[in-house]
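Working notes, beginning with the structure itself.
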Amino acid sequence: MVSRVARRPGRRRSLMYTLVAVVVLGAVLAVTSDYVRAAAKEAVRATPEQHDSGALASLHPAVRGYVSAVDERDTEALVAVFASDAVVTDTGREFRGHDEIRAWADDEVIGGRLTVLEQTPGADGAARVLLRFDPDGPLLGFRATYTFDVRDDRIHRVSMAYA
């Protein structure tokens with residue numbers, strides 16, 4: 001009696017080639033992702049361990065409140081600096097209102113570490129802040145530019161992009 005494998009030698013090889021192709025494709029996609037590029041670029045830079053005191057002091061109080069909330073691992077304090085209809089755009093993903101911002105912060109921000117590197121003030125309550133974010137867990141840290149739109153002492157919009 002002939003075994004199934006013996007009758008279909010190409011099937012096993014085809015499965016192996018498919019598996020190798022999936023692994024190679026996954027590796028290529030991982031290496032080309034924005035996060036991986038940002039983390040790799042950051043790995044070769046020296047980054048201060050402390051906030052730049054001048055940049056931190058020059059931040060709008062609501063933005064300083066955001067930084068302090070991350071430092072203190074306080075989700076409710078972070079949510080409190082946002083307007084009720086605020087929008088967070090985190091590398092293309094949008095989170096609207098306190099409930100979505102709270103869930104995003106709990107999942108991706110609180111527990112991580114921010115280091116304010118520099119701040120560029122803008123017009124009408126806008127500010128660009130260069131910082132390093134080190135997420136909690138196995139992911140590597142990266143630099144990012146956060147652009148804050150602050151009105152009425154609350155953050156109305158913040159957009160985040162890898163630097």
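The values are calculated or read from the model by the stated rules, or taken from the named source; none is laboratory data. The structure displayed is predicted, hence computed values, not measured ones. For neighbour counting, all protein chains shown are included, and Cβ atoms are generated from backbone atoms with ideal geometry for every residue, glycine included. Remember, those area values only see protein heavy atoms, side chains included, never the ligands or the DNA or RNA. Shrake-Rupley method; radii C 1.70, N 1.55, O 1.52, S 1.80 Å.
Can you give me the % of accessible surface on the stretch 92-163 that is carbon or sulfur? Probe 1.4 Å, all protein chains present, nothing else counted. Present the calculation step by step, with values, prior to reporting the outcome.
Values: 1740 of 3740 Å².
Result for the stretch 92-163: 47 percent of the exposed heavy-atom area is carbon or sulfur.
Subtracting the Cα-Cα distance of Glu49 and Asp85 from 0.36 nm times their residue separation leaves 9.6 nm of extension gain.
If the chain between Glu108 and Asp152 were fully stretched, how many nm would it gain, using 0.36 nm times the residue separation less the Cα-Cα distance?
Numbers: separation 44, 0.36 × 44 = 15.84 nm, distance 2.65 nm.
Extending this stretch completely gives an extra 13.2 nm.
Under 5 Å from the amide H of Ile155 lie the amide H atoms of Phe82, Ala83, each residue being 5 or more positions distant or on a separate chain, with H modelled from the backbone and absent for Pro and chain starts. 3J(HN,Hα) couplings calculated from phi for the stretch 109-118 with the Karplus curve 6.51 cos²θ - 1.76 cosθ + 1.60 (θ = phi - 60°) are, in sequence order, 10, 5, x, x, 10, 9, 10, 6, 9, 6 Hz; Gly and Pro show x. In this label model, Ala123 and Arg96 are separated by 2.8 nm, measuring between points 7 Å along each Cα→Cβ vector. For the pair Ala161 and Ala57, the difference between a 0.36 nm per residue extended length and the Cα-Cα distance amounts to 35.2 nm. Put Ile155, Ile110 in order of accessible area, highest first, and with a 1.4 Å probe you get Ile110, Ile155. Legend: residues Arg93, Arg143, sorted from most to least accessible area (1.4 Å probe; ligands, DNA and RNA excluded), read Arg93, Arg143.
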